[in-house]
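> What follows is a structure written as structure tokens; I'll ask about it next.
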Amino acid sequence: MHTGFSAGRDAVGVVVSAADRAGLTALTLADQAGPDTAWLSAYADAVRRARHRTEMTLRVAAEVEVVRPDGWLALPADLTQLDALSVAISALPYGDELLDARAIRTRVAAGELSAEQVAELLVAATVQGLERACRYVPTQLARPLALLAQAGVDDTAVSPALLADLASACRTTGTLVEISEAWRSPSPRLVGLLRDASVSLVPASDARYAAEVGGWQYLRRV
């Protein structure tokens, strides 16, 4: 869930109250953060205050981006406030570039990249990002491989070998894989394959408004 500290719209207390009403027993707040983020202490303080007003387990996390093919992360300077890192890839690390969904579509259409190459690059960067992130705090994988769908690449481009690499990395690093309600990610096919590979899966509202917390439609379908 996101709050008004970054991508969300509501205060921590409002989000926690909504989660209570939805009947949740635990909530991870994972606002988007990076090297220039200066509000982590205030954010963590707000979550700590909210713990006194609920019986839910509340975790302080930050969503961080993988920004290089070797898994380099755009981390905040201070991670001491965090209980977890939620690792995301919104743009494909490709050489010295970060390709957004439109750029990937263009490269694929021009024959510069194949769907299989995009999948291979995305999985490799994800695996290395998780391996880096787990050195600091427990990890979660945000909206897994959602960039494929955004770029018009069918997830069948993720071969059994690639999926095995991803599943192995998640198990080895203890990463929880988020099933995102907001992003409809991963696909039902990938959810089933990850489950069969003994990967730990958790529901993620991935919402920007408190009213959307714990409202499961996609999750119940998968």
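The values are calculated or read from the model by the stated rules, or taken from the named source; none is laboratory data. All figures in this text were calculated on a predicted structure; none of them were measured in a lab. With ideal geometry, Cβ positions are generated from the backbone for all residues, glycine too; neighbour counts draw on all protein chains shown. Note: accessible area is taken over every heavy atom of the protein model, side chains too, but ligands, DNA and RNA are not part of it. Shrake-Rupley method; radii C 1.70, N 1.55, O 1.52, S 1.80 Å.
> Rank-order 162-169, 21-28 by packing density, defined as the average count of other C-beta atoms within 10 Å over each peptide's residues, highest first.
Packing proxy ranking, top to bottom: 162-169, 21-28.
> Using Cα pairs under 8 angstrom and six or more residues apart, how large is the relative contact order of segment 90-222, in percent?
So the answer I get is 22 percent.
> Between segment 1-45 and segment 196-222, how many Å separate their Cα centres?
Rounded to whole Å, the Cα centres lie 16 Å apart.
> Counting helices only, and only those DSSP H runs with n ≥ 4, report the 222 nm mean residue ellipticity of the chain as the sum of -39,500 (n - 2.57) divided by its residues, in deg cm²/dmol to the nearest 500.
-11000 deg cm²/dmol
> Okay, moving on. Report, in debye and to the nearest 20, how large the dipole of segment 173-216 comes out about its Cα centre when Lys and Arg carry +1 and Asp and Glu carry -1 on their Cβ.
Dipole of segment 173-216, to the nearest 20 debye: 100 debye.
> How far apart, in nanometres, would the label points at M56 and S200 be if each is projected 7 angstrom from Cα along the Cα-to-Cβ direction?
Output for this residue pair reads 2.0 nm.
> Also: Counting only protein heavy atoms and a 1.4 Å probe, tell me what percentage of the chain's accessible area is made up of carbon and sulfur.
Of the solvent-accessible surface of the chain, carbon and sulfur hold 49 percent.
> Of P138, Y218, V123, which is farthest on the positive side of the dipole of the chain, counting Cα position, with +1 on Lys and Arg Cβ, -1 on Asp and Glu Cβ, and the Cα centre as origin?
Y218
> Could you tell me the relative contact order of the chain? Use alpha-carbon pairs under 8 Å, at least six residues apart, and round to a whole percent.
21
> Counting Lys and Arg as +1 and Asp and Glu as -1, each charge on the Cβ, what is the dipole of the chain about the Cα centre in debye, to the nearest 20?
660
> Further question on the same structure: Counting heavy atoms of the protein chains only and a 1.4 Å probe, report the per residue accessible area for the chain as a whole number of Å².
47
> If packing is taken as the average number of other Cβ atoms within 10 Å across a peptide's residues, how do 202-210, 101-109 rank, most packed first?
202-210, 101-109
> Here's another thing I want to ask about it. Helix hunt in the chain: which complete DSSP H runs extend at least 24 Å axially by C-alpha with mean Kyte-Doolittle at least 0.5?
Helices meeting the span and hydropathy rule in the chain are 115-133.
> Hey, how many Å between the Cα centroid of segment 177-193 and the Cα centroid of segment 85-159?
15
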